[in-house]
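J.: This is the structure I want to talk about, given as structure tokens.
Bear in mind these aren't lab numbers, they're just calculated from the coordinates by the rules spelled out. Note that the coordinates shown come from a computational prediction; the quantities given were computed from them, not determined experimentally. Here the Cβ positions follow ideal geometry from the backbone for every residue, glycine too, while neighbour counts run over all protein chains shown.
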Amino acid sequence: MTKLEELRVAKGLTQEMIASKVGIAISTYSMYENGHRCIPNEVAGRIAETVGANLEDIFLPEKFTVSKTERVSQEKGGEGNA
């Protein structure tokens, strides 16, 4: 069960209810909740508001790695570019 699903169930909301409140199709919401589709920031904010949670508490990247961040920073001429 994903964090988003846990929050939704705890609030007594269905996927259909959240999709309707956020203004998206239920199939789209389902893909978001199951991690099968990337969520635009604006929609993520509306979902977080609907379930009464902080955006960061729900959508913190699970696959975040320091090495990837360092590589992007180096490509942009940031820190670590020796």
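J.: Subtracting the Cα-Cα distance from 0.36 nm times the residue separation, let me have the gained length for Cys38 to Met17 in nm, one decimal.
T.: 5.6 nm
J.: If you don't mind, there's one more thing I want to ask. Using the Karplus equation 6.51 cos²θ - 1.76 cosθ + 1.60 (θ = phi - 60°), what ³J(HN,Hα) coupling, rounded to whole Hz, does each residue of the range 17-32 give in order, writing x for Gly and Pro?
T.: 5, 5, 4, 5, 5, 7, x, 10, 6, 4, 5, 5, 4, 4, 5, 4
J.: Here's a follow-up. So which GluC sites (Glu not before Pro) in the range 1-62 end up in coil per DSSP with only 10 or fewer other C-beta atoms within 10 Å?
T.: Those satisfying the criteria are Glu62.
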